[in-house]
Every structure is written in C-alpha cells, then in structure tokens.
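The values are calculated or read from the model by the stated rules, or taken from the named source; none is laboratory data. Computed from a predicted structure; not experimentally measured. Cβ placement follows ideal geometry from the backbone for every residue including glycine, while neighbour counts extend to all protein chains displayed. Only protein heavy atoms, including side chains, enter the accessible area calculation; ligands, DNA and RNA are left aside. Shrake-Rupley method; radii C 1.70, N 1.55, O 1.52, S 1.80 Å.
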Amino acid sequence: MPYLGGDDAVRELRRALSNPNVQSDPLRYRNTILKVIRSMSQGVDVSGLFSEMVKACATVDIVQKKLVYVFLCSYAALNPELSLLVINTLRKDCQDPNPMVPHHTRYPPLVEYVEQPLTAGLRDRAACVRRVAILGWAKLYNLQPTSEIDASVVNELYSLLRDPDPVVIVNCLRALEEILKEEGGVAINKPITHHLLNRLKECDVWGQCDILRVLQRYKPQSDDELFDILSLLDASLVSPHPPVMAATLSLFLHLCPDLPAVSQAALERVRGPLLAACGSASREMRFTALCHIQLLLRSLPGLMGAHYKRFFCGYAEPAYIKQRKMQVLVELVNDENVVMLLDELKGYCTDVNADTAQAAISAIGRIGRSYSDRCLEILTGLLGLKQDHITSAVVQTMRDLVWVCPQCSDTVCVALEGCEETLQDSQGRQALLWLLGVYGERVSSAPYTLEVFIDGVRSEASLGVKMELLTTAMRLFLCRPAETQDMLGRLLHYCIEEETDMCVRDQALLYYRLLHCGIEETRKVLHGPRSDPSLGVLIGRPAEPISQWASSFNTLEPLRQVAVETESVSRGSPEHVTTDLSVTLSGCRVHDVRSGDLSPSPALSPEEFERLWLQRQEDFVRLEERVRCPAVPHCSPQSLQAAMQLLNIQTLAFTPPHALPWRVYLYTHTQHTHSEDTLCRTLILGELLLKVTLQQQPRDDEALRGFLSILTSVLHTLTPESE
Amino acid sequence: MIHSLFLVNASGDIFLEKHWKSVVSRSVCDYFFEAQERATEPENVPPVIPTPHHYLISVLRHRIYFVAVIQSEVPPLFVIEFLHRVVDTFQDYFGVCTEAAIKDNVVVVYELLEEMLDNGFPLATESNILKELIKPPTILRTMVNTITGSTITAEIQGVIDACVKLTGMPDLTLSFMNPRLLDDVSFHPCVRFKRWEAERILSFIPPDGNFRLLSYHVSSQNLVAIPVYVKHNITFREGSSQGRFDLTLGPKQTMGKAVESVLVSSQLPRGVLNANLNPSQGTYTFDPVTKMLSWDVGKINPQKLPSLKGTMSLQAGASKPDENPTINIQLKIQQMAISGLKVNRLDMYGEKYKPFKGIKYMTKAGKFQVRT
C-alpha cells in the first residue's frame, strides 16, 4: 500500500526545516522534526531530507538529537556523500561528558569517518556507550561486508567479552558473530565457554538465549568437563522463561549427542516447563510450545502420556492451535484413554470452523488405524448430521482408512448409502466415487448413485471428479456389468465426443481402447494396486533417535511443517497420491556417477536390510539431506518403484500411503572407478522421509553424493508427470 | 535478528513501521494480508508465515498485529516473547495499547523501539531502565496535534492541599517520584526551602488542619497533554437562515481514567435566534438573550462518544456571521494529575505513633478554550 501524497509531505517538511524562522524557534524546529519521524513511521520515504536533518543534529536538546540520530541511522547507508556533513557533530557528541549523548548517537554507519569515534567508544567508561559502540562495528561491517575489519578491532572485541557489564558481553558476541560470519562465527574455546557460563546468570533473558546459542558450537574436551557444564546449565533448563528453557535444551542436545540417556533425562526435565508454556496466556507461545512438544514426542512417545488432558482444546482457541493439539492427541492415544480421547475429538467434529472440524475427523481416522471399531462408529454417526463439509471429510477419512485397514470395508460400505446427497465439494465426491469403484459389488445402490453422477457430467466442473468417475464406471462395469453397461456407454460417448478437456478425453479413449482388448486385459489394468496389509508393520511410528530432530529444535522448522501439512488438504485417491513428500533439490552438486555405476545385486533381503540399518553407527557413513520438490510427487509407490528400478536402485518397503511420516526404504550398490583402476564397491542404504537418510559402507563420499544426485533427479522427474 | 516491525490493525492497514537495519518494503506484508483474509477470525492468522526471503512472526494483542520481519533462522520463542514485551511496554507507557494511543504517541513509540532494539538485538527491555531513558508521555511530553489543529498554549497550575491532624510535633518529609517537573513553585512557610533546593524533598512541621502546602506552575515550554479532544463543525451559509452545529467530544491520554463533570459552553454569534440541537447524552440549554449555549455532558464514555448535533436558526435577512464561536470546556478527572506529578512517599519523624496517610489526585480544567 504505497503512501499517497508522500512527495507533497516531504516537500512541505523540507520547506519547514530550512525556514530560518522555524530554525530559530526551538519548539517549532523540534515539532517539525517530530513530524519527520511521524512520516517515517507511516512508511513515507523521507530519505530526501537527509541534508536538512543533518543540520538539526547540532542542538543541545537531547531528545531532538536522539530523534535526528534515529533518522540518520536509517538513511546513512543511502547517502554516503552527505554523511560527511554530520561527522563533526558526531565526533563532538561522541566525546560529550554526558554518556547519554554518545549512547543516543547509535553510531550511524558512516563508513570510514565513524571508525575513530567507534574505537574511542569501545574504551568509554560508561557501559551504555560501549554497548552501542560494539554494535556500531557490526553495522559498519554490514554496510560493507567486503572490507576487511581491522584485526585489532576484532581483538579488542574479544577482550571486551570479559567486560564487567553483561550487556556489553552479549553485544560483543552478537557483533563478533556478524563480523566473523565467514569464518564460522566467534571462536569458542574452553576459557571463553566457562567465562560465559559463569556470567550467564547476570544477563537478561535475551542475552542468555544468545550465549546459549553460541555455545552450541563448543565441544567439551572430556566427560568431566561436559558434566560440569551440564550441571551449571541445569537451573536454566527449568527456567520460567520459555526462550531460555528452549535454548538450554537445545544446547544440552548439542553437547551430548552420544549420551542418549542424558538427553532423555533432559527431555523429561523440560516436560514441566513445556507444559506450562502450553498453558501460557499468549496463544503464539502456546502454539510454539505445542510444535516443540511434537518434536519431543517423536523420540519419547510416552513423554506426555499422563498429561493428555492438557491437550484438549479450549472453545475459543484459534484454529491453528486446535489442529496442532489434535495432532498431539493422536500421538498420545492408548488403551486407557482412547474412549475419552475419541469422545473429546467427536466434540470438535462439529466445530464452527470447517478446517478444524475436518482436522478432527481425520484425527479420528488416524486413531481408527488402531481402534477401528470405535472410530467407525463415530464416523458413521457423523454422517447422520447431513452437513456438507462434515460428510465430505468423513468420506475422505473412510477412504484413507480402508486403504490401511481393509477389514473396515464392510462397515464403510454400509455407511456410504445415501451420503451422495449431502456431498458438495469435489474432494468428497471424488473419495465417494473411489470407494464405489473399489467396493462396488458390496454397495447395493452403487449403480444408481453412479447414474446420478453420469447424468450430471455435463455440468460437472471438477476435472478430478470426471477422471475418478471414468475409473469408477469402468471398475463397476467389471463387477456388475449388467447394471452398468448402458451408463458406461453413455459416459464414454460423452467424454470422447463432447468433452473439451483433453485429459478426460484421453482417459476415456484409453478405456475405450482397453475394452476393445478384451475384458481380461481390462481387469488386469484396472485391478492394479490393492492395499497390502503386510505393510501395516510400519504404521506404528517407531521412536526416532533424538539426533533426528535435535538440530531443528528451537528453530522455525517445527512450526513451518504445519504450513505444509495444512495445505495438503487437496488429495486424490490413495493409489495415486502418496502423502506429502516435500522434497527439494537444495544445492545438490551433480557428480558424474551414472546410474550404470549402480547395481541392485547382490540382492539384500528385508531382514538383512533391517539388521544393517539398525547396526549403523560404527562402520557406516551416515548422511542426511533435505531434498524437497515443491510439488509432491503425485505418483503411486509403483511408479516410484519402477522409476527407481530403471536406475538400478532397489526399493524395499513403503509405508502405506497417507501414513505419516510417509517413507520408503531403498538400497543399492555402487561401483565407482576412483582414480585409474581401483574399483570401489560400496553398499548404500537409504530412507526417504521428508529428508533422505543414507548409510554407506564402506565410506566413499563421492559415490554417496553421486547417488544422492541421481535420487533427487528421479524424484524431480516424477514430480511433473502427475501435474 | 529482528529486521523490521510492522503494526497492522484489524482491517489490514499498516499504521506504523520501524526498521532496524535497512528499510524493508511494505509489500512483504502482503503475505500476511493473504493469511489474514483466509482466516475467518482475527486470531486465526498463523503466528509464523514464511515468505520467499523473510519470515513474518506476529503476535495479536488488543486487536493489533505486531508483525516482525526476520531474515534468518531464529528461535521462535525468543521473537514471540520479545514482541509480547514490546506490547507490555506500550501498555505500561500509555495505559492502554490501542491504535489511537500508539498513533498519538508515535514519537515515544519510536524512541522506545529504538531503545529496545539496536541493530535488531534486544538492548534495554526492563521497564525501570526504559523509564530512566524515556519519560512516559503524560509527563508533559506528548505533542498535541489533534484533528482540530495544534495547541496554541497550555499550562498547568497545580496545588497540593494538605489536611493534617497529627498530635505533637511531627516532622514530615514528602518526596516525589518526579520532582524535576516542578520548576515554578511557591511553598507554605512551614517548608524548609534549603532541603528542597538541595534534595528536592519537602521537609516540614505542618500546622494543624487544612492548609495549602505548595502551589506550582508547569509552563507551556513543555507542551501539556490535553485530556480530551473536540471535533466540531459549525457552519453558517450565506443567504440562508439556517446554520449547522455539530460537536463531538472524546477522551485521550487519560491513562484509562474517566473524564467526568464535563460542561461545554459556547457563546454563539449575535445573529443566532435559536438553536435546535440533539444531544446524545446530557442536557443543553440555549439562552436567546445572552446567546449562550451550554451543554451538561456529564461523564465521557469512550465507547460512545457524546455529541451534540442540530441546526441553528438565524435572523432572517442578516448576513452570515463572521466570527467563529469559541468553545469552553470544564472537566474533571479523578485519580490522575495531568502533569504526571506523583508522590513517592511521606515519612514522619519526631513522634512515635503511626500516622494514617492518604493521597488523592485530581485534574480540573481551568480555562479550556477551543477555537473553531
């Protein structure tokens, strides 16, 4: 939203600032400067007033001086040549006996002119001057990151880490982190670590967080030292300030990746503070705490078991919190609380917010994978409400559920009768059609329902529904030919002769030609994938090692995943869509490992794979990489498998679609000619999750990189196929 | 760490922005507005919104979104807690944290934000430290720039009346939170002037009963906060015997205290024969002889601002009056001294018993005129 009339306002302000009458009246002069600041706050570009404002700097009025420096700090970078005008005043101000004057100058980044006052500022007696002078260096560096910062300044900053003032210490750390970004930030050695830890208590909340974050880079030299540090940090772990608590836990996890017992104890220790943060008055805080609890649950599923009632939703809570709480509740379900949890979730299904209601319904569906009878009862009951969005969500949930638990299909088939009347949105109708196609022989009214759809195909707007309708009609024809033949003929005729969308027309033509090949061929094609109950082994989420997520703790990562999950509402039928595998190619260098270098033989049995996968650590090289395709590969596991086989990568196991996290296990052998004639053979085991985890034996970085680049390019080529 | 801050109201307007590093274009908030449109309820806007180059982390309080623009990975709890601290500070300074209060005090807001963050890092966030650096606005600092124009002159004349009923020879000392406010004072003879000069403490042996301990004067050198604003529209048309009269009052900067006993009076021009007005609250009278309009408003309810609207009939054939009427306002505010003067403590020496102590603040309008 551009600020209109900004030019006029600036012109007027310039006239006022340069009017001698205004300049001679301190009150009017100051009022005009206030107007400039006010315009700034409205987003008007007042950088044109730089030279006028520079003059206003020479005043004894400390408030006016402060405001002018606020202005100068914002615009100094844009007006390097005019900055010369202010340097005399700045030098004078920086030597002012009242420490507040240099404090308020904030050392605008005026390139070389400001260096001398800054150097003096570092040695000032007043702490408030040192504080801002230190950050002044960081500003100067940000302005011209290419220029070398004098080594003596860096040394001086290092020595100021031992300053008596805690804010000076923290600012030094912050400034050094920025200035030494290229070298990986401030150097953390043993004396500095212990010094910082000892001064930790004196700092404010923000300073403590920053110190704890920087210390993550420290590697204790001995176990004794490690435990000394941990016991020093113990009090911060249960700090009443959530940011400090989170920063401390993060440091704990970084310090002892090899001591799972210690990390686990730390997680249990923060349970109390985290739960308290979940009950905080600030909804944003509650939300963030919930997201972090989800991370913890990945490794310690039982951590919050006793406290499941803390995750019941309040009536007036925002939708994003409710949806997160439901995700947590699904994780916490067990034999004892399942009745109560389902009862609670049932209450959310009728939430006024349609998204929340749908999230509640799909949460019940997730629980249904372990407690199918109870959940199906609730879901069937919800159909009785005849609410458009609820019915749609229930039908979609049932579709997902029968794919994983085929034993539910009888109940689902009974429930489907009559719900086509309430369904409005395309997602829901698509799910219904899919169910009718797969279980058509068991739903007595299926042909009649289908007929209604076929009669209305002319006015159908959704492409997805039309495609699904074609497939369903074909499938139903295979199992109930007498009832369906006529309407299938009409549908194919319409789609081939009148339909304008090429996808639909091609699909119809394909089916038409397929029918020409004979009924057995058709059956073979259409009765492709059925869900495989044997994959159910992978449903129960195994406890992950803490190191899987330790690096994303206390970052924006766990909060961001919501965005991905909530946007994945649009889904197709299970065999077409695997759950969001969000994978991108992030700076993956392409090596010249061709797929010819890979080979799936000798074959690896699943048991062997599991043994190797779990033994890992010692003799395996481990690599984790986030690979993300902007659009999820909307391809079936079969096509993924086929594509992988083409490149000699053997896929070993898939989770059922819609299982979260969706994952694939795969392996391959690489043969790689290293220099001249040494032939290296390595075995690569991989897990494809939201990220790719690879294990290799023996180590060969280049081969591993090459494999990764092949893998990512496969994933990429699969993406556009479905779009 | 925190690159910029935008304040967005419920209808999706940015009404304040502050940048600590370089200026980030407002267009970054478009992502926020999209999320705001999608959300059915204001509180359903997700607190973290990723954009291609930045993250937007927001908190919603008092129907205002505080949107922080972040350029690199940060601990989210840190930013959220910090934003809440900013809101708490505003509330502490202005009594309420509303769009109007922030806009009225935009310069103080800017000073606060500059002090709370330097180069994007938290600097001073403790209330007591901030108050040493930046005085809260009621202490004569608010710049008055109402819709109706600027304040021409304003001053505060205050008194401290004491009622002392203590036996014996009690020696009292009274200290102020902010004695520097008082630059022009006159004391009751019992006050030891030397002590005031040296320490800015009132030390005295009081007479019995009621007496005026001190009267003071705060000049317009530092502008005075005006507790109410007046929106008016008084027009006469040439050749018509009708005139329009439209007046609305509203409170501002009263630290949440009610404005009471409001009485508005205005001397209408000679040509006005009668006024036919409709007050939203209170009663009004118009004296056709003296042409004095007076409106007894009573208490101002900030949710429903009092207004007086209607028409004035003019003498037929008379030309349009060329003077603009002046509006005089009387008002009272309990439990608040508009100067911001606050008593810190009162101690008694020389006697053994424990005295009963109490203090009552009150603001009264002296001569409050609004030109139209």
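How well do other chains shield peptide A:273-281, expressed as the mean number of their Cβ atoms within 10 Å of each residue Cβ? Kindly include the intermediate steps, with their values, before the conclusion.
Details: counts 0, 0, 0, 0, 2, 0, 0, 3, 2.
Partner Cβ neighbours, averaged per residue: 1.
Provide a whole-number value for the mean count of partner chain Cβ atoms within 10 Å of the Cβ atoms in peptide B:16-23. Intermediate values should be presented prior to the final figure.
Values: counts 5, 4, 4, 4, 3, 6, 6, 8.
Partner Cβ neighbours, averaged per residue: 5.
For A:Asp351, which sequence-distant residues (separation of 5 or more, or a different chain) have an amide H within less than 5 Å of its own amide H, given hydrogens modelled in the peptide plane?
HN-HN under 5 Å from A:Asp351: A:Ala357.
Once you place label points 7 Å from the Cα toward the Cβ at B:Met292 and A:Ser231, how far apart are they in nm?
That separation, rounded to one decimal, is 8.4 nm.
Could you pull the accessible area for B:Trp20 with a 1.4 Å probe, rounded to 10 Å²?
The value for B:Trp20 is about 30 Å².
Pop the C-beta distance of B:Gln303 and B:His53 into the FRET formula with R0 = 45 Å and round what comes out to the nearest 0.05.
On the way: r = 42 Å, r/R0 = 0.93.
It comes to 0.60.
How much length would be gained if the chain were fully extended between B:Glu351 and B:Lys131, taking 0.36 nm per residue of separation minus their Cα-Cα distance, in nm to one decimal? Intermediate results must be reported in sequence, preceding the final value.
Details: separation 220, 0.36 × 220 = 79.20 nm, distance 3.58 nm.
That works out to 75.6 nm of additional length.
List, in the order given, every pair from B:Lys194/B:Lys360; B:Lys165/B:Lys342; B:Lys135/B:Lys342; B:Lys103/B:Lys252 whose Cα-Cα distance in the structure shown is over 19 Å.
Result: B:Lys194/B:Lys360; B:Lys165/B:Lys342 exceed 19 Å.
Among B:65-77, B:270-282, A:344-356, how do they line up from the highest to the lowest mean number of other beta-carbon atoms within 10 Å? Write out the running numbers ahead of the final one.
Details: B:65-77: 21.1, B:270-282: 15.8, A:344-356: 18.1.
Highest-to-lowest ranking by the protection proxy: B:65-77, A:344-356, B:270-282.
What percent does the relative contact order of the range B:228-334 come to when contacts are Cα pairs within less than 8 Å and at least six residues apart? Show your work: numbers first, answer last.
Numbers: 240 pairs, mean separation 41.1, N = 107.
Result for the range B:228-334 is 38 percent.
Under 18 Å between alpha carbons, and skipping anything fewer than 8 positions from B:Lys354 in its own chain: which aspartates and glutamates qualify?
B:Lys354 reaches B:Asp171, B:Asp208.
Inside 10 Å of the C-beta atoms of A:128-140, what's the mean count of C-beta atoms belonging to other chains? Provide the component values of the computation, followed by the final result.
On the way: counts 4, 0, 0, 4, 3, 0, 2, 5, 2, 1, 4, 5, 0.
Average neighbour count from other chains, rounded to a whole number: 2.
Could you sort the peptides A:242-254, A:449-461, A:203-215 by per-residue average Cβ neighbour count (10 Å cutoff), highest mean leading?
Packing order, densest peptide first, comes out as A:242-254, A:203-215, A:449-461.
Regarding the range A:114-264, what are the three Cα extents along the principal axes, ordered largest first, in Å?
Rounded to whole Å, the extents work out to 52, 29, 24 Å.
What shape does the range B:228-334 take by its C-alpha gyration tensor, where a ≥ b ≥ c are the square roots of the eigenvalues and a/c under 1.5 counts as rounded, a/b above b/c as prolate, and the rest as oblate?
Values: a/c = 2.52, a/b = 2.27, b/c = 1.11.
The shape class here is prolate.
Heavy-atom accessible area per residue, the range A:35-151, 1.4 Å probe: how many Å²?
Numbers: 4640 Å² over 117 residues.
Per residue, the range A:35-151 has 40 Å² of solvent-accessible surface.
Provide a list, ordered by number, of residues in the range B:114-133 showing at least 40 Å² less accessible area with every protein chain present than when their chain is taken on its own, using a 1.4 Å probe.
With the partner chains in place, the range B:114-133 has these residues losing at least 40 Å²: B:Glu114, B:Glu115, B:Asp118, B:Asn119, B:Phe121, B:Pro122, B:Leu123, B:Leu133.
Once R0 is set to 30 Å, what does the formula 1/(1 + (r/R0)^6) return for the Cβ-Cβ distance between A:Glu498 and A:Ala354, expressed as a FRET efficiency to the nearest 0.05? Before the final figure, lay out each step's value.
Working: r = 34 Å, r/R0 = 1.15.
About 0.30, to the nearest 0.05.
Holding the Cα-Cα limit at 26 Å, pick out from A:Lys322/A:Lys386; A:Lys55/B:Lys131; B:Lys231/B:Lys304; A:Lys65/A:Lys181 the pairs that are longer than that.
Details: A:Lys322/A:Lys386 24 Å; A:Lys55/B:Lys131 28 Å; B:Lys231/B:Lys304 14 Å; A:Lys65/A:Lys181 33 Å.
Distance filter (> 26 Å) returns A:Lys55/B:Lys131; A:Lys65/A:Lys181.
At a probe radius of 1.4 Å, figure out the B/A buried accessible area, summed over both chains, and give it in Å² to the nearest 100. Before the final figure, lay out the partial values.
On the way: alone 20340 and 33700 Å², together 48920 Å².
Using a 1.4 Å probe on protein heavy atoms, the buried area is about 5100 Å².
Given points 7 Å out from each Cα along the Cα-Cβ axis, report the B:Asn274 to A:Asp258 separation in nanometres with one decimal.
10.0
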